[in-house]
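Asks: Below you will find the structure I want to go over with you.
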Amino acid sequence: MTRKLFGTDGVRGTANSYPMTAEMALKLGAAAGRFFRRDGSTAHRVVIGKDTRLSGYMLENALTAGLTSTGMNVLLLGPVPTPAVGFLTRSMRADLGVMISASHNPHHDNGIKFFGPDGFKLSDAAEIEIEAMVEADIALAPPEDIGRAKRIDDAVGRYQEFVKTTFPGGLRLDGLKVVIDCANGAAYKAAPEVLWELGAEVIPVGVSPNGKNINQRCGSTYTQTAAEAVVAHGAHVGISLDGDADRVMILDETGRVADGDQIMALLAGRWADEGRLQGGTLVATVMSNLGLERFMTGRGLRLERTSVGDRYVVEAMRRGGFNLGGEQSGHIVMTDYATTGDGLIAGLQFLAEMARSGLAASALVRQFETVPQMLKNVRYAPGLEPLKAAGVKAVIAAKEAEIKGKGRILIRKSGTEPLIRVMAECEDEAMLRCVVDEIVSAVQAAV
């Protein structure tokens, strides 16, 4: 059975439209509650966090209704980063964690992500079972077993204290001027306070959420705002998070951006030197640059690639016993610390390297030379299958033959938006542009 509701990162869509309606959130809550109460025992609990989207109120209430209807006791965390939900699910001995967020998407989208009692995102198999329960009649709890809901007022503080424990003892950020862009999202309180408490001079950006400005001209997908702040304030470094703070981009003192590949290379090299890179392996997705693979090979280390999606990175890490992985988009997963990507912890690891080495950010953000890479997105109407069109297949086959031995092509459907992503890498930039543009043109003709 294939998943219909769930994509690569939970259920996602436009708020107040299928599947992101209050009705569906209620059904998902009831199904998830029943899934985690199959043993028939009592005293089950679930934690629910959210980012700063206006629709979060609606979905939080609907999920709470669905979960309590099956006997789950709900602990409401309020606006917290996604990794905080993973941490607090374990810390509070919950059976289930839920994060209401559409991550880097605009405010009119939202999503629902589930975490198991171990703090890790649910497997494909578990999501398929929950989907099946949504479509069936869900057994509700008898009146005397209906769950309760309680708001946890210090959830952000608990997460902040945990995050500080991941920063190396004996180091402080005194003397460092840091721009932190919170994307008007879930980390708008937690991130600036953690940096200040560790000694940094903090210039906060994107810390005035109003329900509609999350990721709007700020955050990890729009680094210009943070870059301008770094230059204007003479900051030593910038940290740019996305709306739910599970992604990060680093900016050096000139405003130049280091993506997830460069951050992973820095950490992998450092951890290998310290003998703490498990299996001498970094796990990344098929989207990561060929330059990262060459960097790892040159260090006598290994890069293992997975499908796109931080959940698949984490699954490969757990199977192989590896402790570092992530995505070019800025998900950095360090299972020594967290069960999912954590932008703030990754940012702190970069700052620790600055403090330890005494080097400027510009000396750390370029760990390897990237192979020229181009990514273009083509939006399509729901229900269409442009990659199945004969004309599109023919063009892709021709371009793969043309670039063979000189680079690679990766074409896929986004798991979170109705987009076809066309990516290619090639040392010959003219060929790169031609290959991508011709495939994009073919896809556009099919939509």
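Asks: Mind counting the residues in region 81-140 that are surrounded by fewer than 21 Cβ atoms within 10 Å (Cβ to Cβ) and among the polar types (S, T, N, Q)?
Replies: The total comes to 2.
Asks: Of all helices (runs of 4 or more DSSP H) completely enclosed by region 200-318, which ones contain at least 2 residues that are more than 30 Å from ARG172 (Cβ to Cβ)?
Replies: Per the criteria, 290-298.
Asks: Could you tell me whether ALA284 is at pLDDT 95 or above, surrounded by 18 or more Cβ atoms within 10 Å (Cβ to Cβ) and within 21 Å of CYS426 (Cα to Cα)?
Replies: So ALA284 fits the description; yes.
Asks: Looking only at residues in region 36-83 that are within 18 Å of GLY116 (Cβ to Cβ) and basic (Lys, Arg), which one is modelled with the highest pLDDT?
Replies: Going through the qualifying residues, I end up with ARG45.
Asks: Next question, about the same structure. Kindly provide the set of residues from region 334-363 that are within 17 Å of THR285 (Cα to Cα) and without any contact (Cβ under 8 Å) to a residue 24 or more places away in the chain, ordered by number.
Replies: Correct list: THR335 only.
Asks: Every residue in region 354-369 that is assigned to a helix (DSSP H, G or I) and either touching a strand residue (DSSP E or B) at 6+ places or on another chain (Cβ under 6 Å) or surrounded by fewer than 18 Cβ atoms within 10 Å (Cβ to Cβ) (or both), please.
Replies: Once the filter is applied, which keeps residues that are assigned to a helix (DSSP H, G or I) and either touching a strand residue (DSSP E or B) at 6+ places or on another chain (Cβ under 6 Å) or surrounded by fewer than 18 Cβ atoms within 10 Å (Cβ to Cβ) (or both), region 354-369 yields ARG356, SER357, ALA361, SER362, ALA363.
Asks: Could you list all residues from region 307-353 that are surrounded by fewer than 20 Cβ atoms within 10 Å (Cβ to Cβ) and of a type in the set (Lys, Arg)?
Replies: ARG318, ARG319
Asks: Scan region 316-355 residue by residue and report those that are of a type in the set (Asp, Glu) and touching an Asp or Glu at 6+ places or on another chain (Cβ under 9 Å).
Replies: Across region 316-355, the qualifying residues are GLU327, ASP342.
Asks: Can you tell me which of THR370, THR416 is under 27 Å from ASP9 (Cα atoms) and of a type outside the set (Asp, Glu)?
Replies: THR416
The values are calculated or read from the model by the stated rules, or taken from the named source; none is laboratory data. All of these numbers come straight from a predicted model, not from anything done at the bench. As a convention, Cβ positions derive from the backbone with ideal geometry for all residues, glycine included, and neighbour counts pool all protein chains shown.
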